[in-house]
1. Could you count how many residues in the stretch 214-232 are in contact (Cβ under 8 Å) with a residue 40 or more places away in the chain and either exposed (fewer than 15 other Cβ atoms within 10 Å of the Cβ) or of a type outside the set (A, V, I, L, M) (or both)?
2. Residue under question is Thr60, and the condition is that it be among the β-branched types (Val, Ile, Thr) and part of a loop (DSSP other than H, G, I, E, B); does it hold?
3. Exactly one condition in (1) within 30 Å of Ile191 (Cβ to Cβ); (2) touching a His at 6+ places or on another chain (Cβ under 9 Å) is not met by Asp65; state its number.
4. Show the residue pairs meeting these rules: Cβ distance below 7 Å; 6+ apart or different chains; first residue within the stretch 18-37 and surrounded by fewer than 19 Cβ atoms within 10 Å (Cβ to Cβ); second residue among the aromatic types (Phe, Trp, Tyr).
5. Considering only the stretch 85-102, state which residues are of a type outside the set (Gly, Ala, Ser), outside any helix (DSSP H, G or I) and modelled with pLDDT under 90.
6. Being out of contact with any strand residue (DSSP E or B) (no Cβ under 7 Å at 6 or more places or on another chain) and part of a strand (DSSP E or B), is that true of even one residue in the stretch 203-211?
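The values are calculated or read from the model by the stated rules, or taken from the named source; none is laboratory data. Please read these numbers as outputs of a predicted model, since none were measured by experiment. Glycine also receives a Cβ, built like all others from the backbone with ideal geometry; neighbour counts cover every protein chain displayed.
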Amino acid sequence: MNALVGAKVAITSSRPQTTRRAIRGIVHRPDAQLIIIDTPGLHRPRTLLGEHLDSLVRSTLAEVDVIGFCVPASERIGPGDQYLAGELAGQPATPVIAVVTKTDQASRQQVAAQLAAVGQLGGWTDVVPVSAVSGFQLDVLADVLVGHLPQGRPLYPADGRQTDEPEQRLVAELIREAILEGVRDELPHSIAVVVEEMSPREGREDLMDVHALMYVERPSQKAIVIGAKGARLREVGSRARHQIEALLGTRVYLDLRIKVAKDWQRDPKQLRRLGFYD
């Protein structure tokens, strides 16, 4: 989605279930306006948060004009892909395009083999190999997606806006992405970030003050995020600050604090406080 939109509107990570919201990216074209919705992955939920995300995905699938099913060219198809293919087969009224991603990480033979394997997974409307890194066939993918859109008026003004996500939410996601880059396997799902305050510093138009709270579920996880003598927290802050400055186009003072919210993924009150329920 980021490559198609031409801007970073969704964070990325090698960890599963990184996406926690339905994030919209807007592609403005002379002939069309393409709204791409990046959703969490379909999965078998184990927590209240997981149930909420699964419900969010299913409601989104029922509302869109075309679905993109992404499978990396460099990874063998596994049970998870087969599960997703089966779930998407339950959307008979909506065309599903299989998108074979990361072709830059695979040989031509691997790409060909993956295209054949993906073709056997389901009755896709189209199968398109792409690379977000090299830009390979992104224009083809966009054309294929646009070809399935109905005639209608643009949903967003042609002002160059690339997402409807609030800036504070984008900033919170960039902080979470910075945390995910360096933590252990047991942490990713336990981390939530909320930006409590974000405003230009008084008398300094060139400096934005950002105050954010990071939440984990256990004291031991708090220690992992902080690291020895605060080293990991400093790394997270530095990495996040550079990304936020690129997003906002200004210098940033980033104040990061961390709290324990016990079992927040299973607590409806805490999920609401953390912004997962409107």
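1. Applying the first criterion (in contact (Cβ under 8 Å) with a residue 40 or more places away in the chain) to the stretch 214-232 yields 214-219, 224-225, 232.
Narrowing further to those that are either exposed (fewer than 15 other Cβ atoms within 10 Å of the Cβ) or of a type outside the set (A, V, I, L, M) (or both): 215, 217-219, 232.
Going through the stretch 214-232 one residue at a time, the tally reaches 5.
2. Values: among the β-branched types (Val, Ile, Thr): yes; part of a loop (DSSP other than H, G, I, E, B): no.
So Thr60 fails the test.
3. For Asp65, the failing item is (1).
4. Gln33/Tyr156
5. Within the stretch 85-102, the first condition is being of a type outside the set (Gly, Ala, Ser), and the residues that meet it are 87-88, 91-92, 94-97, 99-102.
Applying the additional criterion that residues be outside any helix (DSSP H, G or I) yields 91-92, 94-97, 99-102.
The answer is Gln91, Pro92.
6. Within the stretch 203-211, the subset out of contact with any strand residue (DSSP E or B) (no Cβ under 7 Å at 6 or more places or on another chain) is 203-205.
Cutting the leftovers down to part of a strand (DSSP E or B) gives us 204-205.
The answer is yes, given that some residue of the stretch 203-211 is out of contact with any strand residue (DSSP E or B) (no Cβ under 7 Å at 6 or more places or on another chain) and part of a strand (DSSP E or B).
For (1) part of a loop (DSSP other than H, G, I, E, B); (2) at pLDDT below 95; (3) of a type outside the set (A, V, I, L, M, F, W, C), each residue gets a yes or a no:
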| position | (1), (2), (3) |
| --- | --- |
| Asp104 | no, no, yes |
| Gln114 | no, no, yes |
| Leu145 | no, no, no |
| Asp159 | yes, yes, yes |
| Glu173 | no, yes, yes |
| Ile179 | no, yes, no |
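This table checks each residue for (1) assigned by TED's automatic domain parsing to the domain that holds Arg21; (2) under 24 Å from Ser199 (Cβ atoms).
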residue: Leu115; (1), (2): yes, no
residue: Val118; (1), (2): yes, no
residue: Gln151; (1), (2): no, no
residue: Glu173; (1), (2): no, yes
residue: Ala178; (1), (2): no, yes
